[in-house]
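Okay, structure first, notes after.
The values are calculated or read from the model by the stated rules, or taken from the named source; none is laboratory data. Quick caveat, the model's predicted, so the values are computed rather than measured. A quick note on method: Cβ atoms are made from the backbone with ideal geometry, for glycine too, and the neighbour counts reach across all protein chains shown. Note: areas computed on protein heavy atoms with side chains; ligands, DNA, RNA excluded. Shrake-Rupley method; radii C 1.70, N 1.55, O 1.52, S 1.80 Å.
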Amino acid sequence: MPELQRTPERYTTEEYEARLVKIRARMEREGLDLLILSDPSNMAWVAGYGGWSFYVHQCVLVGADGPPVWFGRGQDANGAYRTVWMQPEYVIGYPDHYVQSTERHPMEYLCSKLAELGWDKGNIGVEMDNYWFSARAYERLSSGLPDAKLKDITGFINWQRAVKSEKELEYMRQAARIVERMHHRIADKVEVGIRKCDLVAEIYDAGLRYDEWYGLGGDYPAIVPLLPSGPDAAAPHLTWDDLPMKSGEGTFFEIAGCYQRYHVPLSRTIYLGKPPQEILDAEKAVLEGMDAGLEAARAGNLCEDIAKAFFGTLEKYGIEKDNRAGYSIGLSYPPDWGERTMSIRRGDKTELQPGMTFHFMTGLWMESWGYETTESIAITDGAPEVFCDIPRKMLIKE
């Protein structure tokens, strides 16, 4: 094939190879002969692939030795040639008549390729509880690999990604500069009468446009801006409409900067008018609880230690929060910027290690209002690194 113009790699080949060493050590411990990875975040982390092709079946194969193998739609193979760190012979594209067909399935084609590679036997790991791996895909793999046993490896690679390398932390610091810019734009533009759709256009502009000062432009985040107002803010995941913003309402803005697919979420609340005392009292409790949680966010402590410190403060003020207070973050694709591993909640006894990164999600969603002030952090050998520098308080515009 002709010489390809490859996109710059996110990491060095040595970093990819070091990841494979860790992955294969765990494969050996668990008696796995092959991994079939469908999560696009895991595909990117293992092989470097990045493209908006996760709406069709695709995967990365990791065997007992050699480079990974990318498998996907034939027309997306051109994207794989340009983004994966492996040589072109480790890219397999399937014919387009397998796409969204009721007569055949891409996993049938994959089974034939696995047989050619000698990977159609033994214990094969698949990501069962995964947005991108369907029941039909499992059924076709199961029937097409009679000499193999399919094992659930949900989270196998996600946990390998928990401790970030210095390069990954660098990408997250760059994403933090982007989300800071987004919040500054919101604070500058939000006012009574501005239509939410127009404000979201400003958020996207600030999150994507190239910044000469920092020398970077943003990527699309895995979640769209969330900005419910007033009573709607009692729900954490509403988006926007085309109506003007009103006086006498609070709006939280849950957004993320994204760079090289690495996310740094950050939430702040803005009140147009004079906020009621119950929201001011809630803010006081949340901010005190955040301070306590951040103090507990140290290597050697547990995820639940952060939660206990935060929830304990809320309870002192008579506030009950019945959902988790955060989760691991990093490299991600839609529909979620979390890593789907650790949670900041009671009962999660994962030991904190330097290089782990979290969204400390302290949001409150009450019966008729909501409030969010959050931070994204990295665990270090001392106090946690707080990625963003945005005032940790509600912005009031009267």
Worksheet item: Do the conditions hold for residue 208, that is, is it aliphatic (A, V, I, L, M), over 18 Å from residue 334 (Cα atoms), at pLDDT 95 or above and open to solvent by 30 Å² or more (accessible area, probe 1.4 Å)?
Response: no
Item to complete: State the number of residues belonging to region 331-371 that are of a type in the set (Val, Ile, Thr), over 25 Å from residue 227 (Cβ atoms) and part of a strand (DSSP E or B).
Response: 1
Item to complete: From the list 139, 170, 116, pick out the single residue that is under 22 Å from residue 327 (Cβ atoms) and part of a helix (DSSP H, G or I).
Response: 170
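Restricting attention to region 142-160, report how many residues are part of a loop (DSSP other than H, G, I, E, B) and surrounded by 21 or more Cβ atoms within 10 Å (Cβ to Cβ).
Let us first name the residues in region 142-160 that are part of a loop (DSSP other than H, G, I, E, B), namely 145-147, 153-155.
Narrowing the set further to residues that are surrounded by 21 or more Cβ atoms within 10 Å (Cβ to Cβ) leaves 145, 153.
Of the residues in region 142-160, 2 are part of a loop (DSSP other than H, G, I, E, B) and surrounded by 21 or more Cβ atoms within 10 Å (Cβ to Cβ).
Yes or no, residue by residue, for (1) assigned to a strand (DSSP E or B); (2) touching a residue at least 60 places away in the same chain (Cβ under 8 Å); (3) buried (at least 19 other Cβ atoms within 10 Å of the Cβ):
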residue	(1), (2), (3)
22	no, yes, no
49	no, no, yes
53	no, no, no
56	no, no, no
66	no, no, no
79	no, no, yes
92	yes, no, yes
Worksheet item: How do the pairs read when you match residues in region 232-245 that are part of a loop (DSSP other than H, G, I, E, B) with residues anywhere that are surrounded by 15 or more Cβ atoms within 10 Å (Cβ to Cβ) and basic (Lys, Arg), using Cβ under 6 Å and keeping only pairs 6 or more apart or on different chains?
Response: 240/196; 241/196
Worksheet item: Within region 280-301, how many residues turn out to be of a type outside the set (Lys, Arg) and either in a loop (DSSP other than H, G, I, E, B) or open to solvent by less than 10 Å² (accessible area, probe 1.4 Å) (or both)?
Response: 10
Worksheet item: Hey, residue 71 hits all of (1) among the aromatic types (Phe, Trp, Tyr); (2) open to solvent by 60 Å² or more (accessible area, probe 1.4 Å); (3) in contact with a Cys (Cβ under 6 Å, 6 or more places away or on another chain) but one; which does it fall short on?
Response: (2)
Worksheet item: Out of region 162-173, which residues are surrounded by fewer than 21 Cβ atoms within 10 Å (Cβ to Cβ) and either touching a Phe, Trp or Tyr at 6+ places or on another chain (Cβ under 8 Å) or of a type in the set (Val, Ile, Thr) (or both)?
Response: 163, 165, 167, 173
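Taking the condition within 21 Å of residue 391 (Cβ to Cβ) and open to solvent by 60 Å² or more (accessible area, probe 1.4 Å), does residue 322 pass? Spell out the reasoning first.
Values: within 21 Å of residue 391 (Cβ to Cβ): no; open to solvent by 60 Å² or more (accessible area, probe 1.4 Å): yes.
No; evaluated as a whole, the condition is false for this residue.
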Discussion item. Give me the residue from region 211-231 that is modelled with pLDDT under 95 and part of a loop (DSSP other than H, G, I, E, B) and, out of that set, least open to solvent (accessible area, probe 1.4 Å).
Written reply: 215
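Just one of 122, 118 is of a type in the set (Gly, Ala, Ser), loosely packed, with under 13 Cβ neighbours inside 10 Å and under 26 Å from residue 29 (Cα atoms); which is it? Break it down stepwise before answering.
Values: 122 fails: loosely packed, with under 13 Cβ neighbours inside 10 Å.
Answer to the selection: 118.
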Discussion item. If I ask for residues that are under 21 Å from residue 368 (Cα atoms) and among the hydrophobic types (A, V, I, L, M, F, W, C), which ones from region 266-299 would you list?
Written reply: 270, 272, 279, 280, 282, 285, 286, 287
Worksheet entry | Test: residue 39 is touching an Asp or Glu at 6+ places or on another chain (Cβ under 7 Å) and on the phi < 0 side of the Ramachandran plot | yes
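The rows are residues; the columns are (1) surrounded by 18 or more Cβ atoms within 10 Å (Cβ to Cβ); (2) without any contact (Cβ under 8 Å) to a residue 60 or more places away in the chain; (3) out of contact with any strand residue (DSSP E or B) (no Cβ under 9 Å at 6 or more places or on another chain); (4) on the phi > 0 side of the Ramachandran plot.
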{"site": "339", "(1), (2), (3), (4)": "yes, no, no, no"}
{"site": "344", "(1), (2), (3), (4)": "yes, yes, no, no"}
{"site": "349", "(1), (2), (3), (4)": "no, yes, no, no"}
{"site": "355", "(1), (2), (3), (4)": "no, no, no, yes"}
{"site": "363", "(1), (2), (3), (4)": "yes, no, no, no"}
{"site": "370", "(1), (2), (3), (4)": "yes, no, no, no"}
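Would you be able to tell me the number of residues in region 372-398 that are assigned to a strand (DSSP E or B) and surrounded by fewer than 16 Cβ atoms within 10 Å (Cβ to Cβ)? Outline the logic, then answer.
Here is the first cut: in region 372-398, the ones assigned to a strand (DSSP E or B) are 375-378, 385-386, 395-397.
Retained after the next criterion (residues that are surrounded by fewer than 16 Cβ atoms within 10 Å (Cβ to Cβ)): 396-397.
The number of residues fulfilling the criteria is 2.
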